[in-house]
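Scroll down for the structure; my scribbles are underneath it.
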Amino acid sequence: MIAEPGQHPVNGLDDVVHQRVRLGILTVTHQARRVEFGFLRTALGLTAGNLSQHLAVLEKAGLVDVEKGYEGKRARTWLSLTPAGHRALQDEVTQLKRLIHQIEQGGSEPGS
(Lines give C-alpha, C1' and ligand atoms only; values in the text may rest on other atoms or scores of the structure.)
Protein backbone atom coordinates (compact mmCIF):
# COMPACT_ATOMS: atom_id res chain seq x y z
CA MET A 1 0.00 0.00 0.00
CA ILE A 2 1.47 3.32 -1.08
CA ALA A 3 0.59 6.43 0.93
CA GLU A 4 -1.37 9.25 -0.67
CA PRO A 5 0.79 12.17 -1.89
CA GLY A 6 2.06 14.12 1.10
CA GLN A 7 0.68 11.53 3.55
CA HIS A 8 3.81 9.45 4.08
CA PRO A 9 4.65 9.22 7.82
CA VAL A 10 8.04 10.82 7.25
CA ASN A 11 6.27 14.05 6.27
CA GLY A 12 4.88 14.28 9.80
CA LEU A 13 8.33 14.36 11.43
CA ASP A 14 9.20 17.74 12.94
CA ASP A 15 12.65 18.99 11.87
CA VAL A 16 13.17 20.77 15.21
CA VAL A 17 12.37 17.64 17.21
CA HIS A 18 13.65 14.91 14.92
CA GLN A 19 17.30 15.97 14.89
CA ARG A 20 19.12 13.27 16.91
CA VAL A 21 20.51 15.47 19.69
CA ARG A 22 17.30 17.44 20.15
CA LEU A 23 15.24 14.25 20.24
CA GLY A 24 17.65 12.98 22.90
CA ILE A 25 17.28 16.19 24.91
CA LEU A 26 13.49 15.97 24.81
CA THR A 27 13.49 12.28 25.67
CA VAL A 28 15.86 12.54 28.64
CA THR A 29 14.08 15.65 29.92
CA HIS A 30 10.70 13.94 29.58
CA GLN A 31 11.92 10.92 31.53
CA ALA A 32 13.53 13.00 34.27
CA ARG A 33 10.82 15.70 34.39
CA ARG A 34 13.56 18.21 35.28
CA VAL A 35 17.18 17.69 34.32
CA GLU A 36 20.41 19.50 35.12
CA PHE A 37 22.50 20.74 32.19
CA GLY A 38 25.65 18.84 33.23
CA PHE A 39 23.77 15.56 33.56
CA LEU A 40 22.22 16.03 30.13
CA ARG A 41 25.59 16.94 28.59
CA THR A 42 27.17 13.77 30.00
CA ALA A 43 24.21 11.51 29.18
CA LEU A 44 24.21 12.58 25.53
CA GLY A 45 27.99 12.84 25.16
CA LEU A 46 27.96 16.49 24.08
CA THR A 47 30.16 19.50 24.63
CA ALA A 48 28.64 22.34 26.64
CA GLY A 49 28.64 24.57 23.56
CA ASN A 50 26.92 22.01 21.38
CA LEU A 51 24.26 21.32 24.00
CA SER A 52 23.70 25.06 24.46
CA GLN A 53 23.10 25.54 20.73
CA HIS A 54 20.52 22.77 20.61
CA LEU A 55 18.82 24.06 23.76
CA ALA A 56 18.56 27.51 22.19
CA VAL A 57 16.67 25.99 19.22
CA LEU A 58 14.32 24.08 21.52
CA GLU A 59 13.77 27.08 23.80
CA LYS A 60 13.05 29.38 20.83
CA ALA A 61 10.50 26.83 19.58
CA GLY A 62 8.84 26.89 23.03
CA LEU A 63 9.57 23.22 23.74
CA VAL A 64 11.78 23.57 26.83
CA ASP A 65 11.99 25.88 29.80
CA VAL A 66 15.48 26.83 30.94
CA GLU A 67 15.85 27.75 34.60
CA LYS A 68 19.09 29.19 35.92
CA GLY A 69 19.93 29.25 39.59
CA TYR A 70 22.38 28.12 42.22
CA GLU A 71 22.97 24.92 44.07
CA GLY A 72 25.11 26.02 46.98
CA LYS A 73 27.59 28.43 45.42
CA ARG A 74 27.61 26.74 42.02
CA ALA A 75 25.61 28.13 39.12
CA ARG A 76 23.27 25.54 37.65
CA THR A 77 20.92 25.29 34.70
CA TRP A 78 17.87 23.04 34.80
CA LEU A 79 15.62 22.09 31.94
CA SER A 80 12.04 20.95 31.78
CA LEU A 81 9.59 20.36 28.97
CA THR A 82 6.81 22.82 28.31
CA PRO A 83 3.33 21.51 27.51
CA ALA A 84 4.20 22.15 23.83
CA GLY A 85 7.39 20.12 24.32
CA HIS A 86 5.42 17.18 25.69
CA ARG A 87 3.03 17.36 22.72
CA ALA A 88 5.87 17.67 20.19
CA LEU A 89 7.64 14.63 21.64
CA GLN A 90 4.42 12.61 21.66
CA ASP A 91 3.65 13.64 18.07
CA GLU A 92 7.16 12.61 17.00
CA VAL A 93 6.82 9.21 18.67
CA THR A 94 3.42 8.72 17.01
CA GLN A 95 4.86 9.52 13.57
CA LEU A 96 7.84 7.22 14.15
CA LYS A 97 5.47 4.41 15.14
CA ARG A 98 3.48 4.98 11.93
CA LEU A 99 6.68 4.86 9.90
CA ILE A 100 7.86 1.67 11.61
CA HIS A 101 4.44 0.07 11.14
CA GLN A 102 4.49 0.93 7.44
CA ILE A 103 7.97 -0.56 7.02
CA GLU A 104 7.08 -3.71 8.95
CA GLN A 105 3.93 -4.16 6.84
CA GLY A 106 5.91 -3.79 3.62
CA GLY A 107 3.98 -0.60 2.93
CA SER A 108 5.86 0.48 -0.15
CA GLU A 109 7.18 -1.28 -3.18
CA PRO A 110 10.91 -1.32 -3.95
CA GLY A 111 11.89 1.55 -6.20
CA SER A 112 8.77 3.59 -5.42
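The values are calculated or read from the model by the stated rules, or taken from the named source; none is laboratory data. These numbers come from a predicted model, not from an experiment. Because the Cβ atoms are built from the backbone with ideal geometry, glycine has one as well, and the counts that use them run over all protein chains shown.
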Run residue 99 past the list (1) surrounded by 11 or more Cβ atoms within 10 Å (Cβ to Cβ); (2) over 14 Å from residue 13 (Cα atoms); (3) at pLDDT below 90 and report the number of the one that doesn't hold.
(2)
How many residues does region 70-91 hold that are assigned to a strand (DSSP E or B) and either in contact with a strand residue (DSSP E or B) (Cβ under 8 Å, 6 or more places away or on another chain) or of a type outside the set (Lys, Arg) (or both)?
9
Counting only residues that are over 16 Å from residue 59 (Cβ atoms), modelled with pLDDT of 95 or more and over 13 Å from the mean Cα position of the chain (by Cα), how many does region 10-35 have?
0
Looking at (1) closer than 27 Å to residue 12 by Cβ; (2) more than 15 Å from the chain's Cα centre (by Cα); (3) surrounded by 11 or more Cβ atoms within 10 Å (Cβ to Cβ); (4) not hydroxyl-bearing (Ser, Thr, Tyr), which is the one condition that is false for residue 105?
(3)
From the option list 57, 66, single residue qualifying as over 20 Å from residue 92 (Cβ atoms) and among the hydrophobic types (A, V, I, L, M, F, W, C) is 66
Within region 21-37, count every residue that is exposed (fewer than 14 other Cβ atoms within 10 Å of the Cβ) and in contact (Cβ under 8 Å) with a residue 24 or more places away in the chain.
2
Criterion violated by residue 46 - all others in (1) assigned to a helix (DSSP H, G or I); (2) buried (at least 16 other Cβ atoms within 10 Å of the Cβ) satisfied
(1)
Among the residues of region 14-43 satisfying the criterion of being in contact with a strand residue (DSSP E or B) (Cβ under 9 Å, 6 or more places away or on another chain) and assigned to a loop (DSSP other than H, G, I, E, B), which is farthest from residue 86 (Cα to Cα)?
34
